[in-house]
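Heads up: the structure comes next, in structure tokens.
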Amino acid sequence: FTDIRGFSTLAEHSPAADIAQMLNQHFEMLTSRIEAQGGTVDKFIGDSVMAFWGAPESIPDHAARALLAAQDIQQAVREDSDKRRAAGQPVVAVRIGLHTGPVVVGNIGPRSRVNYTVVGDTVNTAARLEALAKEIGPNDDCVVLLSGETATAAPENVNLETLGARAIRGRDAAVEVYRLVS
């Protein structure tokens, strides 16, 4: 999951056409990096992107690819932020949450509105990690948080910082949380 920090405030103070243009550019930046690592963009939810790896075709290193996509996004967001600051434009800061585990993937919804998507605790946990990033790096251009399950698949060239076990809303058990450092 990704989310733009302070999007509601940004939208409140900008014309709708400008917001749509900014979102289109933002989604292009994120989607190209997700797809380059074999990910599937499930949907856009307002200013958020929901993506997954491993379906419809199996990807054995799906967790590593998701983490590499997040690393690429983090670098792109930082570069974009530098350009926006130099141009006197508002920064589009991003939070990302990654979690690895089993999901149900397929057509979900009523016959009149079926959507190919993923559901399950894994999806909810990824969303909660993205939300937790509000507390971890409230002023950073891009904060990437991931679970221990995803961290175990990290390639050697990916630098992670452990944040310890954290309570996640909606889960009984704490989640081991890591932060991508680059």
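The values are calculated or read from the model by the stated rules, or taken from the named source; none is laboratory data. No experiment lies behind these values; they were computed from the predicted model shown. Cβ coordinates were reconstructed from backbone atoms using ideal geometry, including for glycine residues, and neighbour counts include every protein chain displayed. Note: accessible area is taken over every heavy atom of the protein model, side chains too, but ligands, DNA and RNA are not part of it. Shrake-Rupley method; radii C 1.70, N 1.55, O 1.52, S 1.80 Å.
Worth pointing out:
- Taken residue by residue, the range 78-101 has at least one member that is of a type outside the set (Val, Ile, Thr), touching a Ser or Thr at 6+ places or on another chain (Cβ under 6 Å) and surrounded by fewer than 17 Cβ atoms within 10 Å (Cβ to Cβ).
Residues checked against (1) in a loop (DSSP other than H, G, I, E, B); (2) open to solvent by 20 Å² or more (accessible area, probe 1.4 Å); (3) modelled with pLDDT of 95 or more; (4) over 27 Å from Pro60 (Cβ atoms):
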{"residue": "Pro110", "(1), (2), (3), (4)": "yes, yes, yes, yes"}
{"residue": "Val118", "(1), (2), (3), (4)": "no, no, yes, no"}
{"residue": "Ala133", "(1), (2), (3), (4)": "no, no, no, yes"}
{"residue": "Asn139", "(1), (2), (3), (4)": "yes, yes, no, yes"}
{"residue": "Ala153", "(1), (2), (3), (4)": "yes, yes, no, no"}
{"residue": "Asn157", "(1), (2), (3), (4)": "yes, yes, no, no"}
{"residue": "Glu161", "(1), (2), (3), (4)": "no, yes, yes, no"}
{"residue": "Gly170", "(1), (2), (3), (4)": "yes, yes, no, yes"}
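- Condition met for Val105 (surrounded by 20 or more Cβ atoms within 10 Å (Cβ to Cβ) and either in contact (Cβ under 8 Å) with a residue 24 or more places away in the chain or not in a strand (DSSP E or B) (or both)): no
- When the range 1-44 is filtered for residues that are closer than 23 Å to Leu67 by Cα and among the aliphatic types (A, V, I, L, M), the ones remaining, listed by number, are Ile4, Leu23, Met29, Leu30, Ile34, Ala36, Val41.
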